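Engineer: Quick one: the structure is below, and I'll ask about it shortly.
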Amino acid sequence: MFELKLRDKFNELTGKLKPAQDLTPFATEQVPVRPSEEVLTDGVDARLGSVRFLVDATPHITVDNSVCQDCSTHACVYACPANLFTLLSDGSILFNYEQCFECGTCYVACNREGAISWSYPRGGFGVSFREA
Amino acid sequence: MPNEITNRFDMIVVGAGPAGSAAALVAARAGLKVALLERGEFPGSKNCSGAAMYGTKLINELLPNFWESAPVERYVTRRVLSFVSDKASFSVDYRNQDFAEPPYNAFTVLRPKFDRWLAGQAEQAGALLLTEVVADQLLRDQAGRVNGVKVRREEGELYAPVVIAADGVNSFLAKQAGLQKPFKSEEMSLGVKEVVNLDRETLESRFGLTGNEGLVNEYVGAITGEACGGAFLYTNQDSLSLGLIVQISSLVENKIPAYDLLDRFKQHPSVAPLLKGSTRREYSAHMIPEAGYKLVPKLYTDGLMVAGDAAGLCFATGIYLEGINYAIASGAAAARVAVQAKRANNYSAAFLQQYEAELQNSFVLKDFKRYKHAPEFVNSTRLQNFYPELLCDGAQELFTSNGQPKKKLAGIAWRQLRQKKVSPWQLAQDLWRGGRALGW
């Protein structure tokens with residue numbers, strides 16, 4: 001169903017495709033500690049498990065798929081450091097705001113005006129770094 | 001939320017990062033009623049950089065002996081610049097014990113800790129710190145002058161005759177004021193980073209450090225593949241900060257996400273042994289305004305000044321990778337002008353223009369102007385990929401001892417250039433460009 005993304009290909013090649021339970025959506029203060037061998041090739045999913053996100057009920061970023069429909073570059077898919085943009089087989093973009101770093105890279109990378117509506121989350125919500 | 005009495009200030013600062021907190025500190029000390037607004041849970045919770053903090057002399061002037069109370073990690077005594085190919089690395093390794101003496105030359109810091117402390121200093125000086133407050137709308141008086149901000153709360157209007165936009169790289173306020181234009185993807189970089197645990201003893205012996213000495217290592221070459229950028233590895237007290245900074249347009253052109261490049265970096269033969277036994281503490285990402293002087297907007301308008309990353313004041317020239325110092329210097333300068341503006345009761349653009357003039361006369365904009373050609377040069381394909389490889393391959397030829405007659409340096413350089421198909425004309429061009437960017 002999903003187009004095989006570069007990340008998955010990479011994971012497949014290195015044999016490090018992570019099981020689903022590693023996708024900790026809302027990490028608590030406790031930091032998961034993993035053996036060092038794994039740390040070297042984690043892709044993005046396990047990495048996100050180390051970050052604290054205070055998720056608001058309403059998304060702060062929305063994607064207008066009517067604008068994305070005939071886009072061929074899919075810049076957002078490669079630009080997002082949290083892999084939140086997924087290209088579906090029908091050419092539309094599936095976006096998940098919950099583990100967003102609020103960096104702004106997606107809207108800077110996107111060359112389609114109006115495709116990504118970007119704002120900060122409500123005060124106190126969103127990513128909350130402890131070490132960065 | 002604020003009623004008539006509490007929603008009026010002498011100055012409002014949006015963003016409690018280094019620029020904003022420095023501004024609030026300076027203005028509060030001068031007796032201004034200052035509101036310092038932060039959208040995160042606490043100051044620093046949205047902030048992320050390497051982070052090596054330079055310009056300690058400047059911070060020391062604002063906060064004498066700050067290292068005694070501030071959560072700094074290590075003072076930097078060792079700076080390494082590594083050129084890497086797929087299997088090799090060629091490094092310039094500099095260390096100096098003069099940098100181990102107060103006020104030091106640079107510190108490594110963890111931003112959520114350091115920024116929180118710095119905002120605390122502004123609070124102690126009398127600034128009112130409001131966290132979990134998003135201010136993304138400017139308020140204007142009838143004449144169109146900025147006179148406050150609207151925060152996303154009920155009755156969220158906060159008024160002040162002068163606002164300092166220290167709201168970070170995305171600065172919606174600078175854009176709303178018409179000062180900053182929309183960014184292009186070749187002007188901006190994405191930084192991704194990990195902080196990994198490494199116990200003190202192992203860290204110090206692995207990196208040749210004693211006590212609180214620290215290392216800053218930057219990398220250019222094969223690590224970022226075809227994409228333009230670089231990597232870094234910094235030592236903290238009992239952890240390492242490592243990551244990559246990559247031009248956004250080149251991530252898209254090469255269809256490679258930054259976290260995959262981060263994996264590649266961590267697996268590089270010159271990096272992997274340094275990470276042995278480490279475990280991840282946190283992954284993070286941030287956008288970085290790396291285009292230098294051409295990205296610095298007009299820094300003021302009626303009732304508004306822009307400072308720090310919001311003003312594009314991130315200095316990335318290949319040799320230097322600095323930002324916190326420029327943020328603090330610009331924030332402090334903006335506050336000094338705000339104090340004068342209050343005395344003169346004049347908050348017009350014509351008066352606030354002094355802020356930009358002050359930065360032009362200080363190291364801040366002098367540095368950006370002097371190195372204005374550097375960002376483009378550093379992000380050129382040949383510098384990114386070809387020259388690091390040339391250095392590594394040349395060194396391989398130089399150091400290989402296999403019973404063949406040895407060549408001298410010029411012979412090796414000539415052969416490498418021919419092998420890599422770089423014409424003398426291209427070489428001359430690059431020497432000129434590099435010279436113009438970094439040399440004179």
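The values are calculated or read from the model by the stated rules, or taken from the named source; none is laboratory data. This structure is a prediction, so every number in the text was calculated from the model and none was measured. Glycine gets a Cβ as well: all are built from the backbone with ideal geometry, and neighbour counts include every protein chain shown.
Engineer: Could you give every pair whose Cβ atoms fall below 6 Å, whose first residue belongs to region B:33-48 and is at the interface with another protein chain (Cβ under 7 Å from one of its Cβ atoms), and whose second residue is in a loop (DSSP other than H, G, I, E, B) and charged (D, E, K, R), counting only separations of at least 6 or pairs across chains?
Structural biologist: These pairs meet every condition: B:G40/B:K46.
Engineer: Name the pairs: first residue in region B:343-366 and farther than 18 Å from B:D309 by Cα and in a helix (DSSP H, G or I), second residue among the aromatic types (F, W, Y) and at pLDDT 95 or above, Cβ to Cβ under 7 Å, at least 6 apart or on different chains?
Structural biologist: Pairs found: B:A344/B:F351; B:A349/B:Y300; B:L352/B:Y300; B:Q353/B:Y300.
Engineer: Of the residues in region B:205-222, how many are touching a Pro at 6+ places or on another chain (Cβ under 9 Å) and not in a strand (DSSP E or B)?
Structural biologist: So the answer is 2.
Engineer: Just checking, which of B:V196, B:V169 is within 29 Å of B:I256 (Cα to Cα) and either within 17 Å of the chain's Cα centre (by Cα) or at pLDDT below 95 (or both)? Please lay out each step first, then the result.
Structural biologist: Values: B:V196 fails: either within 17 Å of the chain's Cα centre (by Cα) or at pLDDT below 95 (or both).
None of the others qualify; the one that does is B:V169.
Engineer: What is the number of the single condition among (1) within 14 Å of another protein chain (Cβ to nearest Cβ); (2) crowded, with 24+ Cβ neighbours inside 10 Å; (3) at pLDDT 95 or above that B:E290 does not meet?
Structural biologist: In the conditions (1) within 14 Å of another protein chain (Cβ to nearest Cβ); (2) crowded, with 24+ Cβ neighbours inside 10 Å; (3) at pLDDT 95 or above, B:E290 misses (3) alone.
Engineer: Within the bounds of region A:65-77, is there any residue that is at pLDDT 50 or above, more than 10 Å from chain B (Cβ to nearest Cβ) and in contact with an Asp or Glu (Cβ under 8 Å, 6 or more places away or on another chain)? Talk me through it step by step, then tell me what you get.
Structural biologist: Here is the first cut: in region A:65-77, the residues at pLDDT 50 or above are A:65-77.
With the extra rule that they be more than 10 Å from chain B (Cβ to nearest Cβ), the set shrinks to A:65-72.
Still in the running and in contact with an Asp or Glu (Cβ under 8 Å, 6 or more places away or on another chain): A:67.
Within region A:65-77, one or more residues are at pLDDT 50 or above, more than 10 Å from chain B (Cβ to nearest Cβ) and in contact with an Asp or Glu (Cβ under 8 Å, 6 or more places away or on another chain).
Engineer: If you don't mind, there's one more thing I want to ask. Inside region B:243-274, can you point out the residues that are more than 7 Å from chain A (Cβ to nearest Cβ), in contact (Cβ under 8 Å) with a residue 12 or more places away in the chain and over 24 Å from B:E376 (Cα atoms)?
Structural biologist: Correct list: B:R264, B:H268, B:P269, B:S270, B:V271, B:L274.
Engineer: Now for a separate question. Please tell me if A:Y120 is within 11 Å of chain B (Cβ to nearest Cβ), touching a strand residue (DSSP E or B) at 6+ places or on another chain (Cβ under 8 Å) and under 30 Å from B:L130 (Cα atoms). It would help to see each step written out before you state the result.
Structural biologist: Working: within 11 Å of chain B (Cβ to nearest Cβ): yes; touching a strand residue (DSSP E or B) at 6+ places or on another chain (Cβ under 8 Å): yes; under 30 Å from B:L130 (Cα atoms): yes.
Yes, satisfied.
Engineer: Could you list, in sequence order, all residues of region B:9-32 that are among the β-branched types (V, I, T) and within 14 Å of another protein chain (Cβ to nearest Cβ)?
Structural biologist: Here is the first cut: in region B:9-32, the ones among the β-branched types (V, I, T) are B:12-14, B:26.
Within region B:9-32, B:V14 is the sole residue that qualifies.
Engineer: Yes or no: region B:82-95 includes at least one residue that is over 20 Å from B:L321 (Cβ atoms), surrounded by fewer than 18 Cβ atoms within 10 Å (Cβ to Cβ) and within 13 Å of chain A (Cβ to nearest Cβ). Full working, then the answer.
Structural biologist: Kept after step one, since they are over 20 Å from B:L321 (Cβ atoms), are these residues of region B:82-95: B:85-88.
Next, from what is left, pick out any that are surrounded by fewer than 18 Cβ atoms within 10 Å (Cβ to Cβ): B:86-87.
After this cut, where a residue has to be within 13 Å of chain A (Cβ to nearest Cβ) as well, the list is none.
No - not one qualifying residue is present in region B:82-95.
Engineer: Within the set of pairs 6 or more residues apart or between chains, which connect a residue that is free of Cβ contacts under 8 Å to residues at least 12 places away in the same chain and at negative phi inside region B:53-80 to a residue that is part of a strand (DSSP E or B) and buried (at least 17 other Cβ atoms within 10 Å of the Cβ) with Cβ atoms less than 8 Å apart?
Structural biologist: From region B:53-80, the pairs are B:F66/B:V72.
Engineer: Among the listed residues B:F368, B:F386, identify the single one that is closer than 30 Å to B:L58 by Cα, of a type outside the set (D, E, K, R) and surrounded by 14 or more Cβ atoms within 10 Å (Cβ to Cβ). Outline the logic, then answer.
Structural biologist: Numbers: B:F386 fails: closer than 30 Å to B:L58 by Cα.
Answer to the check: B:F368.
Engineer: Right, another one. For region B:170-204, which residues satisfy the criterion of being within 24 Å of A:G123 (Cα to Cα), in contact with a Pro (Cβ under 8 Å, 6 or more places away or on another chain) and surrounded by 22 or more Cβ atoms within 10 Å (Cβ to Cβ)?
Structural biologist: Within region B:170-204, B:A174, B:Q180, B:L190, B:V192 meet the criteria.
Engineer: Now, a different point. Within region A:100-132, work out how many residues are assigned to a helix (DSSP H, G or I) and more than 14 Å from A:I61 (Cα to Cα). Please lay out each step first, then the result.
Structural biologist: Here is the first cut: in region A:100-132, the residues assigned to a helix (DSSP H, G or I) are A:105-109.
Add one more test, that the residue is more than 14 Å from A:I61 (Cα to Cα), and what stays is A:109.
The total comes to 1.
Engineer: Take region B:96-116 and flag every residue that is more than 14 Å from chain A (Cβ to nearest Cβ), closer than 23 Å to B:G44 by Cα and in contact (Cβ under 8 Å) with a residue 60 or more places away in the chain. First the steps, then the outcome.
Structural biologist: The first filter runs over region B:96-116 and keeps only residues more than 14 Å from chain A (Cβ to nearest Cβ), leaving B:96-107.
From the residues that got through so far, the ones that are closer than 23 Å to B:G44 by Cα too are B:105-107.
B:A106, B:F107, listed by residue number.
Engineer: Further question on the same structure: What are the residues in region B:205-228 that are within 13 Å of chain A (Cβ to nearest Cβ) and crowded, with 22+ Cβ neighbours inside 10 Å, if any? Break it down into steps so the answer makes sense when it comes.
Structural biologist: From region B:205-228, those within 13 Å of chain A (Cβ to nearest Cβ) are B:225-227; that's our starting set.
Answer for region B:205-228, where residues must be within 13 Å of chain A (Cβ to nearest Cβ) and crowded, with 22+ Cβ neighbours inside 10 Å: just B:A227.
Engineer: Now a separate question. Would you mind telling me which numbered condition in (1) assigned to a loop (DSSP other than H, G, I, E, B); (2) within 14 Å of another protein chain (Cβ to nearest Cβ); (3) surrounded by 22 or more Cβ atoms within 10 Å (Cβ to Cβ) B:L313 fails?
Structural biologist: (2)
Engineer: Out of B:L299, B:L295, I need the residue that is buried (at least 24 other Cβ atoms within 10 Å of the Cβ) and either within 20 Å of B:A24 (Cα to Cα) or touching a Gly at 6+ places or on another chain (Cβ under 7 Å) (or both). Which one? I'd like the intermediate steps shown before the answer.
Structural biologist: Details: B:L295 fails: buried (at least 24 other Cβ atoms within 10 Å of the Cβ).
Result: B:L299 is the single residue among B:L299, B:L295 that is buried (at least 24 other Cβ atoms within 10 Å of the Cβ) and either within 20 Å of B:A24 (Cα to Cα) or touching a Gly at 6+ places or on another chain (Cβ under 7 Å) (or both).
Engineer: I would also like to ask the following. Condition first: more than 12 Å from every other protein chain (Cβ to nearest Cβ), of a type outside the set (D, E), in contact (Cβ under 8 Å) with a residue 24 or more places away in the chain and under 18 Å from A:D56 (Cβ atoms). Now tell me which residues in region A:83-99 satisfy that.
Structural biologist: A:F95, A:Y97 - these are the residues of region A:83-99 that are more than 12 Å from every other protein chain (Cβ to nearest Cβ), of a type outside the set (D, E), in contact (Cβ under 8 Å) with a residue 24 or more places away in the chain and under 18 Å from A:D56 (Cβ atoms).
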